[in-house]
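Okay, so here's the structure we're looking at.
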Amino acid sequence: MEIHEVLKSLEAGRISVNGAKKLLSLYSIEEVEGFAKIDVNRRLRRGIPEIIFAETKELDEIKKIIKKTLEKTNSVIVSRIKKQDYPKILAFAKRSKVKIKTGKNSSSLLLFKKPIKFHGGKVGILTAGTSDIGVAEESRLMCETMNCKCITSYDVGVAGIQRVFPILKKMIKEDVDCIIVAAGMEGALATLVSTMVDIPIIGIPTSVGYGYGEKGIAALASMLQSCSLGLSVVNIDNGIAAGGIAANIANRAIRKK
């Protein structure tokens, strides 16, 4: 039973105060066989869901955390899944009759029980190139599980800058509350977009590039040194962080409208 259901039941007199207290106490920390402690109350407290960083975990551990998390909450993101584990986690989710959202070119999955309703704010997501799509899709999954509608457009970088103008016009018309820009190489797209709109911009430097500035170092340095105000920057390839910040901004903005 979700917290709002507990409170409604208490208000209607279907459960006692002690019964409500007992049910609410379940929304705390869930331990998984001594190796993981899940903050199942985070979604209710902060609006941010549970994310499993799968890259450094064993497959069996990931499955146990998924199972325990979905016993207490509606959704979980499994991020950075190892290539050999990806089909096995998909199969596990299907056997568990869990709904699945995948991301294009992404190693992350969104798993959920009940349909996710987009009653939150709106987030725009752009990438400079096709190599940045996987990171951007990780942001999209994060925003969507936080109930935000996403408007995406990929491969609109400065190598053909005319491509970005139509989608920016659309995002302004749609009244998006925040824009995420994923860019590698020199990361110029984030600065460019932030000069043209009065919307908070979150830049994600991606690990795309050559030589001296490889692995996202040039893009990170460029975004951090941006002359344009209104641009915030997350760490290299950190689509999850960008999505969480953008969705929090968007959801707070929608409450004020």
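For trypsin sites (Lys or Arg not before Pro), the sites in the range 99-201 that DSSP calls loop and that have at most 13 other Cβ atoms within 10 Å are LYS104, LYS117. Shown for ASP198, ASP155, ASP177: other C-beta atoms within 10 Å of each C-beta, ranked fewest to most, produce the order ASP198, ASP155, ASP177.
Secondary structure note: in the chain, about 35% of the DSSP beta bridges are antiparallel. GNM on the chain, alpha-carbon springs under 10 angstrom: the most fluctuating residue among ALA242, ALA136, ALA12 is ALA12. Computed from the C-beta positions of LYS8 and PHE118, the FRET efficiency with R₀ = 25 Å rounds to 0.60. Ranked by how many other Cβ atoms sit within 10 Å of their own Cβ, fewest first, the residues CYS227, CYS178, CYS143 fall in the order CYS227, CYS178, CYS143. Would you mind classifying the range 122-256 by shape? Square roots of the alpha carbon gyration tensor eigenvalues, ordered a ≥ b ≥ c; an a/c under 1.5 is rounded, otherwise it is prolate if a/b is larger than b/c and oblate if not. Judged from the Cα gyration tensor, the range 122-256 comes out prolate (a/c at least 1.5, a/b above b/c). Here the label points at ASP198 and SER16, each 7 Å from Cα along the C-beta direction, are separated by 5.7 nm in the simple model.
Rg/Rh for the chain stands at 1.02; both radii use Cα atoms, and Rh follows the Kirkwood definition. The count of lysine pairs in the range 122-256 whose Cα atoms are under 16 Å apart, excluding pairs fewer than 8 places apart on the same chain, comes to 7. Think of it this way: in the chain, CYS150, CYS178, CYS227 stand alone, with no other Cys Cβ under 4.7 Å.
The chymotrypsin sites (Phe, Trp or Tyr not before Pro) of the range 130-215 that DSSP puts in a loop, and whose beta carbon has at most 16 other beta carbons within 10 Å, are TYR210. Other residues lying with their Cβ under 13 Å from the Cβ of ILE151 contribute a combined charge of +2, Lys and Arg counting +1, Asp and Glu -1.
Helical content of the chain, expressed as a calculated mean residue ellipticity at 222 nm, amounts to -12000 deg cm²/dmol (DSSP H runs of 4 or more residues, -39,500 (n - 2.57) each, divided by residue number, nearest 500).
Stretched out straight at 0.36 nm per residue, the stretch from LEU59 to LYS94 would grow longer than its current Cα-Cα span by 11.0 nm.
A Förster radius of 25 Å combined with the Cβ-Cβ distance from ASP175 to ARG46 puts the calculated FRET efficiency at roughly 0.55.
Values quoted throughout were computed directly from the atomic coordinates according to the rules given, and no laboratory measurement underlies them. Not measured: the values here are computed from a predicted model. All Cβ positions, even for glycine, are placed from backbone atoms using ideal geometry, and neighbour counts span all protein chains on display.
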